[in-house]
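The values are calculated or read from the model by the stated rules, or taken from the named source; none is laboratory data. No experiment lies behind these values; they were computed from the predicted model shown. Don't worry about glycine lacking a Cβ; one is built from the backbone with ideal geometry, like all the others, and counts go over all protein chains shown. Ligands, DNA and RNA are stripped out before the accessible areas are found, and what is left, the full protein with its side chains, is counted by its heavy atoms. Shrake-Rupley method; radii C 1.70, N 1.55, O 1.52, S 1.80 Å.
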Amino acid sequence: MNKNSSDIMALAPNNSNKRETVCIFGTGDFGRALGHKMIQSGYSVVFGSRSTQTSSLIPKDAEVLSHTEAAQKAAIIIIAIQRQHYNFLTPLAEILHGKVLVDISNNLKINQYPESNAEYLAQLVPSAKVVKAFNTVSAWALQSGTLDASRQVFVCGDDMEAKQMVMDIVRALGLTPLDKGSLLAAQEIENYPLQLFPMWKFPILLSLGLVTFFFFYSLIRDVIYPYVYEKKDFSFFIAISIPNRICPILALTLLALVYLPGVLAAIIQLYRGTKYRRFPDWLDKWMLCRKQLGLVALAFASLHVLYTLVIPIRSFVRWRISSRTISQVLNNQTEPLNTTNAWLSDSYLSLGILGFFLFVLLGITSLPSVSNNVNWREFRFVQSKLGYLTLILCTAHTLVYGGNRFLSPSSYRWYLPNAYMLSLIAPCIVLVVKFVLIFPCLDKPLTQIRQGWERKPQYSE
Amino acid sequence: MNKNSSDIMALAPNNSNKRETVCIFGTGDFGRALGHKMIQSGYSVVFGSRSTQTSSLIPKDAEVLSHTEAAQKAAIIIIAIQRQHYNFLTPLAEILHGKVLVDISNNLKINQYPESNAEYLAQLVPSAKVVKAFNTVSAWALQSGTLDASRQVFVCGDDMEAKQMVMDIVRALGLTPLDKGSLLAAQEIENYPLQLFPMWKFPILLSLGLVTFFFFYSLIRDVIYPYVYEKKDFSFFIAISIPNRICPILALTLLALVYLPGVLAAIIQLYRGTKYRRFPDWLDKWMLCRKQLGLVALAFASLHVLYTLVIPIRSFVRWRISSRTISQVLNNQTEPLNTTNAWLSDSYLSLGILGFFLFVLLGITSLPSVSNNVNWREFRFVQSKLGYLTLILCTAHTLVYGGNRFLSPSSYRWYLPNAYMLSLIAPCIVLVVKFVLIFPCLDKPLTQIRQGWERKPQYSE
Amino acid sequence: MNKNSSDIMALAPNNSNKRETVCIFGTGDFGRALGHKMIQSGYSVVFGSRSTQTSSLIPKDAEVLSHTEAAQKAAIIIIAIQRQHYNFLTPLAEILHGKVLVDISNNLKINQYPESNAEYLAQLVPSAKVVKAFNTVSAWALQSGTLDASRQVFVCGDDMEAKQMVMDIVRALGLTPLDKGSLLAAQEIENYPLQLFPMWKFPILLSLGLVTFFFFYSLIRDVIYPYVYEKKDFSFFIAISIPNRICPILALTLLALVYLPGVLAAIIQLYRGTKYRRFPDWLDKWMLCRKQLGLVALAFASLHVLYTLVIPIRSFVRWRISSRTISQVLNNQTEPLNTTNAWLSDSYLSLGILGFFLFVLLGITSLPSVSNNVNWREFRFVQSKLGYLTLILCTAHTLVYGGNRFLSPSSYRWYLPNAYMLSLIAPCIVLVVKFVLIFPCLDKPLTQIRQGWERKPQYSE
């Protein structure tokens, strides 16, 4: 039968030439899955358990012994037991002396305990060498052999040799070890699998807030206002017209917010005359989530493109165009082609298309596998030069779309300007400040500061 | 001159500080390419050949000796010879004693021989340590240095040390070794380069079948029926209208089929009360190709989007809109705006846009480089939560599109319902069952079963 | 607080179980950043400097000594000094005897010096083992811990052991070493970070040239001609109509140019009867940038799609459609549906959609992370079979779009044919030659030549 390549891993090895023996404490779900995988990869596996009777669930090539007996058979002991039960190890301290204990545990909450499970284990059995590993892998992934999510296994520990031994096992199981340093890193490693897109939290909360604000803003201007003054029911604008007003505003504003921290950082560096003092905390955090901000902006831009392209299929738009044509016929007047309008309409569409195109390019280069294949000069060229070009094109797109409506009083309803005018604030600030920073009298000292060569003398101690 | 970075590898090393000597049996295309690459990477290479005269094609830094002489010079011998000629090695058994023989051969058909070439080699020369490697790399890729396709080299073998030596060579050549276990895996490794998207076979065959069925279904309803009853020639519907009917149906059905096996597995687990019994074979296979099913569904969804967006450019649609306007004028009746229609049209478009947007997001997260950068919790959040949201949005899109046509008898031609109604069957089943499974009385035991902690006692032996 | 996973690396290790001591000559920006990162990863770091007073900028766990003292403390010395100052090392030759010197320098221009900095260093201190490494990493990336661009560190050197030691450090810092061979590769490695998309230069210059040509060509035909003869101002065509004429032409021409070199290579191989003679240099270069040519073609195709989809929103198009309807009404003639036109319009749209869809598929499979997950047979199936299908579909799309306009004299203005006709030249040549090459009388010898088994006897020496 035509087997799948992932099945390659599912073969039992020849009995000769085994790798070393590994002991696993605990016969729970994850312990068994790990044992199974290790046997497949050529290791001998001994389970240490309270009840030494073999269950049908335990891999049949594995021995099940008491904790003491099992521990004596191997140099590496994997602790597949929950943190609450770690204290049963204290009486075994003598047997565990000098052994490598691999802590694979996870918690239910981020920072659940004051110290990480691995550090707690190291305190309980100070004579053993504790290594944290495998906690980011799921039992299901080990069993099924399909590692769709990450193959990375974070490893940390204070003993270099012990860490090396564990990393060799990780590699033998077909996974990729990533050395994270000393056992102090265990807390972070234990928190990692509990995270749910931590870097995306700020961009998503920010855009939810902005979406809510602009939704009600547009609702008032575009639905409630005409209902109050003209008794027209435009409630169906909620489905497409209002989203298509919110999306471009958010795309442009968030894109500007990607470049704003860089501009602020430049001003701070120029003012301080050094790059060696830390930025304020909020600026640091902001700079770290620029990529996520940009991708959320791209998502809104893509939605804007889709919402715009369906315009001619909308039943309302078809009705409006048809009724305009009919009224022209009935009034027996044929409008000539308005070249200015044709220019305006075509330019803002063209600017939007080019801006969106560059935006998608930026998005593609931020894919890990693509950014891994460019050097720093290329990466910065794309993210900085192309990024600013995108911002300029998108701002121009919005400006030309506005056309001469900025000054027309009819575009102010209840003194509220058209929503897109608000979206121009952030990008215009960024572009103006960036334009000022390009002048040689500012650009030259800034470049020197960033190369670390020049700074005001008071900061070099 | 400005050379390309891939040329970096093309430099001959200094003669001092060579790595060990490697012997290659056979001076064919692949043997030479491999030898060339090894010399570049600092190895001394000796070719073993029947005729010991150096050809211009053999890398000039390599020696060519008789098989016996060559074999004595190295601990590792790469067998770059076709399987049919392996038996010439039997007389050399004594010289090959304890040597590492690297089998790099491939076959012309999947499972061509009862045992793999590497196992056959191990039988012929039982005193040598046989390692399977390099068969997934192409001679052209080695020569040109551009490794556009995979850099992965699957390695397997019964002797750990021998395998390690070969994996070191693989790494030195700039490739990535992947340990696949014992020599039993050789059959799979030999089949690998002959595979042509094995995981895609079922999704593609299934969708071809469904496409054919719905093509004729739509042909009958939309082209033959009006031709028979109204003598209208709508044959040009074959180009866009019918594909744009088939694509959304397939996208929705296949997306539902991605989530159906998960729902079935849950029912089976609940019924059995354990997760430790294997699923039926068909369910296992179905679950393994869910990603491919989803991507094929996404392809159909993308085509549906493109086919829909070109609607207003179609000459037929322009004619229809224009003739409707003209008939309104001629009858001197101007239709008022139908707000219900505007709502329906805008809602189904908006639901479709949001559904497609989430669908594309799902597709992006299934890119290997993206899924490698998320943890399990994030991966499951995206694939499960966002996946179901996509399914709900796309189903709602189809339901709203249908509007009140479900009950209208005019939408049944020759008793055939509109094709999109058929596409609702699978997603509705999935959503209803999933909705039932969310209830705590079912969700709680299911979660416990999946954690491996609880099961009906009769299954624990 | 909820820390980011990249912070995991930012933890100071336990003082026990340090890795070996590494010496860094030079306390500049990059030297300090590297030292900081090494201390984090468990190394002891000694700085060698002219002034031994510790600055606040130097990592506080590092010692600062004189060059001589520092060098004596470590087996590995990282030279974080600019090439101009390398000669200060000559007096230290005795102390540096047998040490591993890591050259991390970069130049300001490609091929700035006749020999690479690393080779220059090896000449100055011949008794040391020089290894080139780390020059592709930026100080900023080391400091911030966010390695958005490449994690790859190219390493080269003549001494295998020294290289291995440096590669171990690279791995310990969480980076990926890539062995590039002997010190001769240093020049290329030093040029690498100065490159700005070298493989993209030719495709981009070529398309800029073609864009300029076709812009003026279309300007003359579509704007100047009607202005001269009909006094109509179509200058706004510059915004959308002309770009939407240029983009498909470039997409199709560049796509054909992706497959042209393969066809030329086949002709040359058939003519020569061997695959072992090098192709002319221009053909080699052309073949190496096929992927980039294809991606630029895809970019133009995407722009073409966007420009086409906005057609119905353009104010000019709305005016034209509406005025046609009005003129029909006023002349009291209602056009019947022209089925031929409907067929032509729907077919060329459908062919374009399918062609673009396959084109995007090709683009996705060229993403590094995707192409890494397919075997050679699959990669070639996609890039060759699907590629030709794309070319055929796109050529057919253009042919059907032209319809019967090819023969109409009105489509020639000032004897200039419609621009899209010019775009058909390259793809038609490729498809005709490829069609000829498929015939068994040519295909069979070609396959044999490519397998390296058969060639005309005069070339085998």
Farthest towards the positive end of the dipole of chain A, among A:Phe234, A:Val64, A:Thr136 and with Cβ unit charges of +1 on Lys and Arg and -1 on Asp and Glu, lies the Cα of A:Phe234
Give me the base-10 log of I(q)/I(0) for segment B:119-223 at each q in 0.18, 0.21 Å⁻¹, Debye formula, one uniform scatterer per Cα, rounded to two decimals. -0.91, -1.10
Beyond 26 Å (Cα-Cα) in this structure, taken from B:Lys275/B:Lys385; A:Lys73/B:Lys132; A:Lys385/C:Lys132; A:Lys444/C:Lys60; A:Lys163/B:Lys132, we find A:Lys73/B:Lys132; A:Lys385/C:Lys132; A:Lys444/C:Lys60; A:Lys163/B:Lys132
To the nearest 10 degrees, the tilt of helix B:243-272 (Cα long axis) against the first principal axis of the alpha carbons of chain B is 70
Point-charge dipole on Cβ atoms (K/R +1, D/E -1) for segment C:198-451, about Cα centre, debye to 20: 600
Within 10 Å of each Cβ in peptide C:334-346, how many partner chain Cβ atoms are there on average? Round it to a whole number, please. 6
With +1 at each Lys and Arg Cβ and -1 at each Asp and Glu Cβ, the charge dipole magnitude of chain B around its Cα centre, to the nearest 20 debye, comes out at 1280
Here the residues of segment A:236-264 whose accessible area is at least 50 Å² smaller with all protein chains than in the chain alone (probe 1.4 Å) are A:Phe236, A:Ala239
Bins of 10 Å, beginning at zero and ending with the bin holding the largest distance: percent of Cα pairs per bin for segment A:16-88, please. 22, 59, 18, 1
Between chains A and C, what is the buried accessible area in Å², counting both sides, with a 1.4 Å probe and ligands, DNA and RNA left out, to the nearest 100? 6100
Given label points at 7 Å from Cα along Cα→Cβ, what nm distances, shortest first, separate B:Ile204 from the same residue in every other copy? 3.5, 3.5
Describe numerically, in nm with one decimal, the distance between label points set 7 Å from Cα along Cα→Cβ at A:Arg380 and at C:Leu389. 4.4
Under the helix-only model (-39500 (n - 2.57) for each DSSP H run of 4 or more, divided by the residues of chain C), the mean residue ellipticity at 222 nm, to 500 deg cm²/dmol, is -15500 deg cm²/dmol
Out of the trypsin sites (Lys or Arg not before Pro) in segment B:197-251, which ones are loop residues according to DSSP with at most 16 other C-beta atoms within 10 Å? B:Lys231, B:Lys232
Given q = 0.13, 0.17 Å⁻¹, what are the Debye log10 I(q)/I(0) values for segment A:198-451, with equal point scatterers placed on the Cα positions and solvent ignored? -0.94, -1.44
Bin width 10 Å, origin at 0, all Cα-Cα pairs of segment C:182-247: what percent of pairs per bin? 18, 30, 18, 13, 11, 7, 2, 0
Return one quarter of the surface area of the convex hull spanned by the alpha-carbon atoms of segment C:231-318, equal to its mean projected area, in nm². 8.2
Kindly give the distances from B:Asp443 to its copy-mates, label point to label point, with each label point 7 Å from Cα along Cα→Cβ, as nm values to one decimal ordered shortest first. 5.8, 5.8
Given a 1.4 Å probe and every protein chain left where it sits, what share in percent of the accessible area of chain B is carbon and sulfur? 60
Specify the angular offset, from 0 to 90 degrees and rounded to the nearest 10, of the alpha carbon long axis of helix C:290-309 from the longest principal axis of the alpha carbons in chain C. 50
Just by accessible area at a 1.4 angstrom probe, what is the order of B:Glu161, B:Glu190 from largest to smallest? B:Glu161, B:Glu190
Taking Cα atoms, how many degrees apart are the long axis of helix C:387-402 and the longest axis of chain C, rounded to 10 and kept between 0 and 90? 30
Protection proxy (average C-beta count within 10 Å per residue), highest first, orders C:440-446, A:438-444, A:31-37 as A:31-37, C:440-446, A:438-444
If C:Ile78, B:Ile311 are ordered by their accessible area, calculated over protein heavy atoms with a 1.4 Å probe, which sequence runs from highest to lowest? B:Ile311, C:Ile78
Given the alpha-carbon gyration tensor of the protein assembly as shown, what are the semi-axes of its equivalent ellipsoid in whole angstrom, ordered largest first, with each equal to the square root of 5 times an eigenvalue? 55, 38, 38
Where does the Debye-calculated log10 I(q)/I(0) of chain A sit at q = 0.08, 0.12 Å⁻¹, using only Cα point scatterers of equal weight, no solvent? -0.73, -1.05
For C:Asn331 paired with C:Trp414, estimate the spin-label separation in nm (one decimal), with each label point 7 Å from Cα along the Cα-to-Cβ line. 3.0
For B:Lys434, give me every one of the aspartates and glutamates with a C-alpha distance below 13 angstrom, ignoring sequence neighbours fewer than eight places off in its own chain. B:Asp443
Lys/Arg +1, Asp/Glu -1 at C-beta; the protein assembly as shown dipole; positive extreme among B:Ser323, B:Tyr217, C:Val100: B:Ser323
Straight-line reach from A:Lys109: which aspartates and glutamates fall under 13 Å, measuring Cα to Cα and dropping same-chain residues less than 8 apart? A:Glu188, A:Glu190
Quotient of Cα radius of gyration and Kirkwood radius for segment B:19-194, i.e. Rg/Rh, equals 0.92
Sorting A:Tyr412, A:Leu306, A:Ile429 by the position of each Cα along the dipole of segment A:198-451 (Lys, Arg +1; Asp, Glu -1; all at Cβ), the one nearest the positive end of that ordering is A:Ile429
So with the 1.4 Å probe, I'd like the accessible area per residue for chain A, rounded to whole Å². 45
Rounded to the nearest 5, what is the percent of antiparallel bridges among the DSSP beta bridges in the protein assembly as shown? 10
Which distances in nm, rounded to one decimal and ordered from shortest, link the label point of A:Arg324 to the equivalent label points in the other identical copies, with labels set 7 Å from Cα toward Cβ? 1.7, 1.7
